[in-house]
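The values are calculated or read from the model by the stated rules, or taken from the named source; none is laboratory data. Please read all numbers here as calculations on a predicted model, not as lab measurements. So basically every Cβ, Gly included, is an ideal-geometry build from the backbone, and we count neighbours across all protein chains shown. These area figures cover heavy atoms from the full protein model, side chains too; ligands, DNA and RNA do not enter into them. Shrake-Rupley method; radii C 1.70, N 1.55, O 1.52, S 1.80 Å.
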Amino acid sequence: MAKFESTIREIQAPQQLVYSVLSNMNNIGKAMDRIPADMRDKVSFTDDGFSIQSPVGKVAAKVVGLEEPKTIKLESVDSPVPFNFWIQLLPVTTETCKMKLTMKAELNFMMAQMVKGPLQKGIEQLADVLQALPYRQIAQAE
């Protein structure tokens, strides 16, 4: 199993607020302007998951576990490669938290070497998007 992790990111919002927003995937869709323009028409969100059109076909995942306010666990439901994905949140102060994304995919050694770069880049881009979300604005819009 191949493991990919984002760098640890600091988010300028309290842990509980970030968790509340991210535990409903539809909230990410409310900030589509933060998603890279070339990806906006390829991604969609539901309350409990997301799907994306990738170079290898449709990839979809759903939330399979919530540990309030620190972990959101997702699992592939439609993907050429089975995977698990975690969003981990830890408080830094009462007004900020840290986030790390982790993905584990069932890839053989050769496949892992081929997709290692693109998957690592993708997880960092996703971390960029999640770090930049306007959490307070999204929460007020609920």
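Considering only alpha-carbon pairs that sit under 8 angstrom and 6 or more positions apart, the relative contact order computed for the chain is 33 percent.
Normalising the average separation of contacting C-alpha pairs (under 8 angstrom, six or more residues apart) by the number of residues puts the relative contact order of the stretch 80-139 at 28 percent. Per residue, the accessible area of the stretch 48-142 comes to 58 Å², computed with a 1.4 Å probe over protein heavy atoms only. Look at where the Cα atoms of the stretch 24-102 and of the stretch 1-23 average out, and the two centres are 10 Å apart. On a 0 to 90 degree scale, rounded to 10, what angle separates helix 109-132 from the longest Cα axis of the chain? Between the helix axis and the principal axis of the chain, the angle is about 20 degrees.
So if R0 is 22 Å, what FRET efficiency would V56 and Q113 give, r being the distance between their Cβ atoms, rounded to the nearest 0.05? The value I calculate is 0.90. Surface composition of the stretch 1-68: carbon and sulfur atoms hold 51% of the protein heavy-atom accessible area at a 1.4 Å probe. With a 10 Å cut-off between alpha carbons and a GNM built on the chain, which of M111, M39, M99 moves the most? The residue that fluctuates most here is M111. Within the P(r) computed for the stretch 1-135, what percentage of the Cα pairs occupies the region above 23 Å? For the stretch 1-135, the share of Cα pairs beyond 23 Å comes to 29 percent. Here is how the number arises for the chain: DSSP H runs of 4 or more residues each give -39500 (n - 2.57), the sum is divided by the residue count, and the result at 222 nm is -9000 deg cm²/dmol.
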